[in-house]
Amino acid sequence: MAEIHASASQLPPEVIRSLAGEFKGIMADYFLLEAATVIGAQNKLNAEDWKAISRLFKQSMALDPYFKQTYSLIQATLPWEAKMPERAIELLKISSQHRSWDWQPDFYIGFDYFYHLKDNLNGSKYLMEASKKPGGSPFLGLLGARLSQKGGQTKAGIVFLRTMYENEENEDTKKQIKQRMDALKGVLILEKAIEKFTLRFDRSPQKLDELITAGILSAIPENPYSDTYFYDHKTGIIAYDTVR
């Protein structure tokens, strides 16, 4: 099967908007479909593919900044597979500005600042904004306030993803969110086990297998993305992929 790669016009969004004329909605759908088709293909996407996909997203939003599916697909892909959280935030802010009644773009922005960029201050700011909008839970404001204090990132990440899962309508996107949520649950189990190991032996484990031999875990949690989790005993960081 031939691999599918992304391509996007280099024309500025404002030029594309002018050329689209009365067909702005149709063109916006076309650009989004182009992006979704490449993302849904079974081949490995490279950095240039993701740059092109992000341009397609921006062009689609320039033509129709109100379409919910666009920002949902942006959040489902750019911060995770593409490792482009800054670009995701840039595009999500367009949705936030135009969909002033919708709490979810601000929620996603807050999540990306907090989880991907480790920026608790901006994460807190946008979560609090999300809590003030129609449908936004007051819980988001409380969670935003807690982000001013460092710590609990993995557990908070699971809470974020659960909220995303419960409010996502697209089934394929829900599957992706659940997969990440399951991966973080495994990370949390390992973090707690390493904490117990360190308290018992006054040192951190060199390898995750030591958690089993020490009797703290009966097995390493299943990683939905790979054969195992990746552990750096020098930093204590546990990851479910090789990039993070």
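The values are calculated or read from the model by the stated rules, or taken from the named source; none is laboratory data. What you see is a predicted model; the values in this text were computed from it and never measured. Note: ideal-geometry Cβ built from the backbone for every residue, glycine included; neighbour counts use all protein chains shown. Heavy atoms of the whole protein, side chains included, go into the accessibility calculation; ligands, DNA and RNA do not. Shrake-Rupley method; radii C 1.70, N 1.55, O 1.52, S 1.80 Å.
Separation of the alpha carbons by more than 23 angstrom is noted, of LYS93/LYS178; LYS24/LYS58; LYS132/LYS185; LYS68/LYS93; LYS178/LYS234; LYS51/LYS185, for LYS93/LYS178; LYS132/LYS185; LYS178/LYS234; LYS51/LYS185.
To the nearest ten degrees, helix 120-132 and the longest principal axis of the Cα atoms of the chain are 60 degrees apart. For the chain, the dipole from Cβ point charges (+1 on Lys and Arg, -1 on Asp and Glu) about the Cα centre works out to 780 debye, to the nearest 20. Determine the relative contact order of the stretch 1-122: mean sequence separation of Cα pairs under 8 Å and six or more apart, normalised by residue count, in whole percent. Once divided by the residue count of the stretch 1-122, the mean separation gives 23 percent. Leaving out ligands, DNA and RNA, what percent of the accessible area of the chain is carbon and sulfur, probe 1.4 Å? Carbon-and-sulfur percentage of accessible area, whole number: 54.
Each part gets one Cα centre, and for the stretch 62-81 versus the stretch 25-59 those centres are 10 Å apart.
Relative to the longest principal axis of the Cα atoms of the chain, the long axis of helix 85-98 lies at roughly 50 degrees. Each of (1) 18.5; (2) 16.5; (3) 15.1 is a candidate for mean projected area of the Cα convex hull in nm²; the one calculated from this structure is (3).
Against the chain, whose longest principal axis is taken from its Cα atoms, helix 68-77 shows a tilt of about 40°.
Classify the stretch 162-229 as rounded, prolate or oblate from the Cα gyration tensor: take a ≥ b ≥ c as the square roots of its eigenvalues, call it rounded if a/c is under 1.5, otherwise prolate when a/b beats b/c and oblate if not. Prolate, since a/c reaches 1.5 and a/b exceeds b/c.
Probe of 1.4 angstrom, ligands and nucleic acids ignored: what's the accessible area per residue over the chain, in square angstrom?
On a per-residue basis, 54 Å².
Please say if the stretch 1-105 is rounded, prolate or oblate, where rounded means a/c under 1.5 for a ≥ b ≥ c the square roots of the C-alpha gyration tensor eigenvalues, and otherwise the choice is prolate for a/b larger than b/c and oblate otherwise? Oblate is the answer for the stretch 1-105, as a/c is 1.5 or above yet b/c matches or exceeds a/b.
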